[in-house]
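The values are calculated or read from the model by the stated rules, or taken from the named source; none is laboratory data. In this text the structure is predicted, and so the values were computed from the model without any measurement. Cβ placement follows ideal geometry from the backbone for every residue including glycine, while neighbour counts extend to all protein chains displayed.
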Amino acid sequence: MKTFLALDGRMGRLLYAQITFVSVILLTLGLAMMIFPMMMSRMNGIEVMPLGFSMFGAILLMAFGLWSLITASIRRLHDMGWSAWWLLPCAVPIEIVAVIAMVVLSLALSFLPGKAEANVWGPAPA
């Protein structure tokens, strides 16, 4: 669980890929939990599960997925010797800038190797 929630330390590429995969699945499930009951209740008048419970669960899933994705990205940036401030362009409200920043940063985090020696954020991951 520490792997998903910790902000300190470093993370290798393989663990980053695994956590990113799990986080994307959590975000997708949360989105499905948010959309599916609303669609069913609007189209058929059938309430699959109470809408409030569904929304609460979906928000929790999406919050956990987003938090684990952000913390994994920060730890991966630390492994490469970069500051976490490199994530800031991904939060720019101009959509094209944010999308380009996310694509470039995710490619860099996925394929660039980390520093072999210890840096400010700790020793190299095993």
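Is it true that S73 is free of Cβ contacts under 8 Å to residues at least 60 places away in the same chain, assigned to a helix (DSSP H, G or I) and at negative phi?
Against the criterion (free of Cβ contacts under 8 Å to residues at least 60 places away in the same chain, assigned to a helix (DSSP H, G or I) and at negative phi), S73 qualifies.
Return the only residue of L112, L105 being exposed (fewer than 14 other Cβ atoms within 10 Å of the Cβ) and either touching a residue at least 24 places away in the same chain (Cβ under 8 Å) or under 17 Å from L15 (Cβ atoms) (or both).
L112
Would you mind telling me which numbered condition in (1) at pLDDT 90 or above; (2) in a helix (DSSP H, G or I); (3) not basic (K, R) W82 fails?
The failed condition is (2).
Can you confirm whether segment 1-11 contains a residue that is assigned to a loop (DSSP other than H, G, I, E, B), within 15 Å of the chain's Cα centre (by Cα) and at pLDDT below 65?
Yes, some residue in segment 1-11 is assigned to a loop (DSSP other than H, G, I, E, B), within 15 Å of the chain's Cα centre (by Cα) and at pLDDT below 65.
Tell me which of these G65 doesn't satisfy, since it passes every other one: (1) in contact with a Gly (Cβ under 8 Å, 6 or more places away or on another chain); (2) surrounded by 15 or more Cβ atoms within 10 Å (Cβ to Cβ); (3) modelled with pLDDT under 90.
Checking G65 against (1) in contact with a Gly (Cβ under 8 Å, 6 or more places away or on another chain); (2) surrounded by 15 or more Cβ atoms within 10 Å (Cβ to Cβ); (3) modelled with pLDDT under 90, the one that fails is (3).
For segment 103-126, which residues satisfy the criterion of being at pLDDT 90 or above and either at positive phi or not in a loop (DSSP other than H, G, I, E, B) (or both)?
The answer is V103, V104, L105, S106, L107, A108, L109, S110, F111.
Could you look through segment 81-101, keep only residues that are within 20 Å of W67 (Cα to Cα) and more than 17 Å from the chain's Cα centre (by Cα), and pick out the one that is surrounded by the fewest Cβ atoms within 10 Å (Cβ to Cβ)?
Within segment 81-101, the match that is surrounded by the fewest Cβ atoms within 10 Å (Cβ to Cβ) is P93.
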